[in-house]
Amino acid sequence: VAGFFSIVLSAMGFLNPARRGSLMIATLILYMLCGVVAGYASSRLYKSFRGRAWQTCTLLTATTFPATCFGLFVFFNIVLAFKHSVGSVPFLDVLIVAAMWCCVSIPLVFLGAYFGYKAESISYPTVTSTIARAIPDPGLLLNPYLAIALAGMVPFAAAYVELFFIMTSLWMDQYYYVFGFTFVVYMILLLTCAEVTVLLVYYQLCAENHRWWWFSFLTSGSTALYMFMYSMFWFRSLEPSKIFVTYLLYFGYMFLISFGMFLTTGAIGALSCFWFTRKIFGSIKVD
């Protein structure tokens, strides 16, 4: 959600990349405020699963991705500080980011979770059996692992060209202005992830494989794997130095970007399949 609004505001001209740091600050603020949405969505889903450890669910929602990003950011900053690099961030700015996360983002996630648990639980059109039925051998073409490994190629192909220009702007110190086209590609990426995942989940359901939750998440999330693999090949075009810090920073930050893409595309695929399965099972007439 934060990435969507960041791209929209940039496309409308409110965020100008010529003003250094404006896009990054806006993205941080939007991500911090969207903690309410994250807490509400996770709590509604967890309540529909009849989960009991709601504190753990909310805490993981508030800390998993931000803690990974903040931990790697601090580690990279310490390495740059020891190398006396001008790219290191002052300690006061690091404390400000930590305060934004701990004092604003995490409380907003718990606030959204509070309203989510107070809301009515999501209903299901059919009754689920407590005894899991055996899953028949799917064969090679319907193998879930093969589908997870190959499904990410289609969404990645939809965003490949735009990804090249974004990475060129990001790592070659060039300004990026075509946010309107980025918004279109971003929407195509999300729609492609949803459509491909729904199609593959339908085939799995036809093959009597009822374990579609993690399958749908990993199927669309595999797009991030292809993005990280592409960044490994693209790294050679930078003509990088032989210093270890160069490799550490590049692959470290590309890992964070790929991780964020994995969570975004995975969530889109899982939620799309959740809507799809409720629709198809809700249309079944039982006498």
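When the helices (runs of 4 or more DSSP H) confined to the range 1-106 are screened for residues that are free of Cβ contacts under 8 Å to residues at least 24 places away in the same chain and open to solvent by 50 Å² or more (accessible area, probe 1.4 Å), those reaching at least 3 such residues are found at 22-33, 54-82, 91-100.
Residues of the range 116-142 that are open to solvent by 90 Å² or more (accessible area, probe 1.4 Å), of a type outside the set (Val, Ile, Thr) and within 26 Å of Thr58 (Cα to Cα): Lys118, Glu120, Tyr124.
Of all residues in the range 228-269, those satisfying the criterion of being of a type in the set (Gly, Ala, Ser) and touching a residue at least 60 places away in the same chain (Cβ under 8 Å) are Ser231, Gly252, Gly260, Gly269. When each of Ile122, Ile166, Ile135 is tested for being under 30 Å from Trp54 (Cα atoms) and of a type in the set (A, V, I, L, M, F, W, C), the lone residue that passes is Ile122. When Phe281 is tested against (1) without any contact (Cβ under 8 Å) to a residue 24 or more places away in the chain; (2) in a helix (DSSP H, G or I); (3) open to solvent by 50 Å² or more (accessible area, probe 1.4 Å), only condition (1) is not met. Within the range 14-49, track down each residue that is modelled with pLDDT of 80 or more and farther than 17 Å from Phe4 by Cα. Within the range 14-49, Gly39, Tyr40, Ser42, Ser43, Arg44, Leu45, Tyr46, Lys47, Ser48, Phe49 qualify.
The values are calculated or read from the model by the stated rules, or taken from the named source; none is laboratory data. Small disclaimer: the values here were computed from a predicted structure and weren't measured. Here Cβ is always computed from backbone atoms with ideal geometry, including for glycine, and neighbour counts include all displayed protein chains. Keep in mind that these areas ignore ligands, DNA and RNA; they rest on the heavy atoms of the full protein, side chains included. Shrake-Rupley method; radii C 1.70, N 1.55, O 1.52, S 1.80 Å.
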